[in-house]
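Comments concern the structure below.
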Amino acid sequence: MKILVTGSSGLIGSEAVEHFDLQGHDVIGVDNNMRREFFGAAGDTLWNLERLKSKTRHFIHVSLDIRDRAAIEQLFSSHCFDLIVHCAAQPSHDKARDIPILDFEVNALGTINLLEATRQHSPEAVFVFLSTNKVYGDSPNEIPLTELATRWDYARTEDFNGIDETCRIDRTLHSLFGASKAAADLVAQEYGRYFKMNVGVFRGGCLTGPSHSGVELHGFLSYLVKQTLTGGNYTVFGYKGKQVRDNIHSHDVVRAIEEFAASPRPGEVYNMGGGRQNSVSMIEAIDRAEQLSGKKLNWRYVDENRIGDHICYISNLSKFQSHYPTWKITRNLDNIFEEIAASQTLRT
Ligand SMILES: NC(=O)c1ccc[n+]([C@@H]2O[C@H](COP(=O)([O-])OP(=O)(O)OC[C@H]3O[C@@H](n4cnc5c(N)ncnc54)[C@H](O)[C@@H]3O)[C@@H](O)[C@H]2O)c1
């Protein structure tokens, strides 16, 4: 296959490049290191690009901006793709507040640029769009919760497995990031439903793994482990530090993309996270990071939560698992923490 990966120097993009390159596919990666522009030096992804160049055999990198429609058009005119894995994004909830236009241009306009180029030049291709659980805004916070010693949890048994795809995405507070991703999510669905293209939309919970260039505003586990190992500071925002996130290793995300690519369902939407088994609260995560490293994290608590932040979010994976029964979570929280710590140690 000829595969295009956007955001190829980022967490999910780089995992996809490595995975498909290892299988002998031709992989073209698009990334302009914009993560550095969003988050400063700590967000620089060039280390990951260098790592990919040294590890891969069939990988070609193109430093191109997905907002640049003419450049995208040229790329698609030169290659006929079988699979497009679209991971390039402004990925931060909070950052979008400072750069609303740029956020929308990258997330919404960049996505339609790629979808339309696919329709014009590679209409048979499978197109996977990495969306986010922030498209649900804060509607998951309406679910009744119970407060346990170290975490919030769902109070009703019917919510035990978490949030499914029927959760509403409008009439809720998203943050501008959630809104730009929701725009892209809807447009991507439309290319699947209206044009009957092989488009799949994956709404991520916390996607994580060793190749994240974690920063305070994005990549919570990676950043938390980094701060613990290096003696940096960490701030927990609101909800008594008991807010829950479900974490999925980038390898398991890419395996899900691979399953979808082998048997695509046009316009489908899937929640994609670690599920209940890989869920952790902030204070539980701090405890794990400290145990793993043998170091104390310098963390402080501020009462005010981030606007629109989820209190307890666990992805319900039933729909994806019923459509793709051979897929499963292969990396648990211990594996994830250990891999992130090992990668941080190598980088420092
Ligand atoms: N990591 C998470 O917790 C998470 C959760 C839910 C959804 N997602 C979504 O998954 C996708 C991948 O996330 P990630 O964690 O790998 O992000 P990442 O920031 O690690 O990777 C994104 C990459 O895209 C590149 N990029 C940004 N703007 C670009 C542009 N205009 N042109 C070309 N390249 C550009 C960046 O330089 C970066 O390397 C994103 O769409 C994100 O919104 C991530």
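Things worth noting here:
- Of the residues screened, Arg36 is one that is surrounded by fewer than 22 Cβ atoms within 10 Å (Cβ to Cβ) and near the ligand (Cβ under 8 Å from one of its atoms).
- Every condition in (1) more than 10 Å from the ligand (Cβ to nearest atom); (2) in contact with a strand residue (DSSP E or B) (Cβ under 8 Å, 6 or more places away or on another chain); (3) open to solvent by less than 10 Å² (accessible area, probe 1.4 Å) holds for Thr111 except the one numbered (1).
- When Ala117 is tested against (1) open to solvent by 20 Å² or more (accessible area, probe 1.4 Å); (2) more than 22 Å from the chain's Cα centre (by Cα); (3) touching a residue at least 40 places away in the same chain (Cβ under 8 Å), just one condition goes unmet, and that condition is (1).
- First in the stretch 50-69 and open to solvent by 50 Å² or more (accessible area, probe 1.4 Å), second anywhere and away from the ligand (no atom under 14 Å from the Cβ) and not in a helix (DSSP H, G or I), Cβ under 9 Å, 6 or more apart: Lys53/Phe59; Arg57/Gly24; His58/Gly24; His58/His25; His58/Asp26; His58/Val27; Ile60/Asp26; Ile60/Val27
- Here the helices (runs of 4 or more DSSP H) wholly within the stretch 176-294 that include at least 2 residues being within 23 Å of Gly43 (Cα to Cα) and of a type in the set (Phe, Trp, Tyr) are 220-230.
- For Leu297, the requirement of being over 28 Å from Asp159 (Cβ atoms), aliphatic (A, V, I, L, M) and in contact with a strand residue (DSSP E or B) (Cβ under 7 Å, 6 or more places away or on another chain) is met.
- Within the stretch 331-340, the set of residues being in contact with a Lys or Arg (Cβ under 9 Å, 6 or more places away or on another chain) and open to solvent by less than 20 Å² (accessible area, probe 1.4 Å) comprises Leu333, Phe337, Ile340.
- Considering the stretch 297-342, the residues that are of a type in the set (Asp, Glu) and outside any helix (DSSP H, G or I) include one that is modelled with the lowest pLDDT, namely Asp309.
- The set of residues in the stretch 10-32 being surrounded by fewer than 24 Cβ atoms within 10 Å (Cβ to Cβ) and within 15 Å of the ligand (Cβ to nearest atom) consists of Glu18, His19, Ile28, Asn32.
- Scanning the stretch 120-153 for residues being part of a helix (DSSP H, G or I) and either modelled with pLDDT under 95 or over 24 Å from the mean Cα position of the chain (by Cα) (or both) gives a total of 2.
- Top-ranked residue in the stretch 223-238 [being surrounded by fewer than 24 Cβ atoms within 10 Å (Cβ to Cβ) and closer than 19 Å to Gln291 by Cβ; ranked as nearest to the ligand (Cβ to nearest atom)]: Tyr223
The values are calculated or read from the model by the stated rules, or taken from the named source; none is laboratory data. Note that the coordinates shown come from a computational prediction; the quantities given were computed from them, not determined experimentally. Cβ atoms come from the backbone with ideal geometry, glycine included; neighbour counts cover every protein chain shown. Heavy atoms of the whole protein, side chains included, go into the accessibility calculation; ligands, DNA and RNA do not. Shrake-Rupley method; radii C 1.70, N 1.55, O 1.52, S 1.80 Å.
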